[in-house]
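Encoded as structure tokens, the structure appears first; notes follow it.
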Amino acid sequence: MFLATSNQAKGLLHLSYIEHVDAAELDRGYEDVVTLLKAFPAGFSMLVDLGRLELMDTDCVAALGKIMELLDQRGLERVVRVIPDPAKDIGFNILARFHYHHNPRITNCKTMIEAARLLEL
């Protein structure tokens, strides 16, 4: 499952990857991200939660790149990723180099508590 939510008051987009995620799910979720971003000015932050991810299909790479490019175009400034199990990271840092042309600040955390502190939530 892919879930996109936001907290407009904090300028925060929250993307959660839960259980088994496939490319079709990310393609459907892309429209949710587009809709949420309409309310954000440039300079927003994003929290990426991989804490409940069990499996992400390798064919998700293209869809992830498409989402990253959209975020980059809309002015993403900061990315905080929660990755408790490094084996579940399918190469976000590598994808970021190709799809984030404006180089947002990126931090990886092991826990949501650590991420919340960084984002001052």
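Structure notes:
Condition check ((1) touching a residue at least 12 places away in the same chain (Cβ under 8 Å); (2) within 14 Å of the chain's Cα centre (by Cα); (3) at positive phi) across all residues:
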{"position": "Met68", "(1), (2), (3)": "yes, yes, no"}
{"position": "Val80", "(1), (2), (3)": "yes, yes, no"}
{"position": "Pro84", "(1), (2), (3)": "yes, no, no"}
{"position": "Arg97", "(1), (2), (3)": "no, no, no"}
{"position": "Tyr100", "(1), (2), (3)": "yes, yes, no"}
{"position": "Ile106", "(1), (2), (3)": "yes, yes, no"}
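- Among residues of the range 1-29 that are under 20 Å from Thr58 (Cα atoms) and free of Cβ contacts under 8 Å to residues at least 60 places away in the same chain, those with a Cβ under 8 angstrom from a residue that is in a loop (DSSP other than H, G, I, E, B) and of a type in the set (D, E, K, R), sequence gap 6+ or separate chain, pair up as Ser16/Arg52; Tyr17/Arg52; Ile18/Arg52; Glu19/Arg52; His20/Asp57; Val21/Asp57; Asp22/Asp57; Ala23/Asp57.
Values in this text are rule-based calculations from the coordinates and carry no lab data. Quantities reported herein were computed from a predicted structural model and do not represent experimental measurements. Cβ sites come from the backbone with ideal geometry, for glycine too, and all protein chains shown count toward neighbours.
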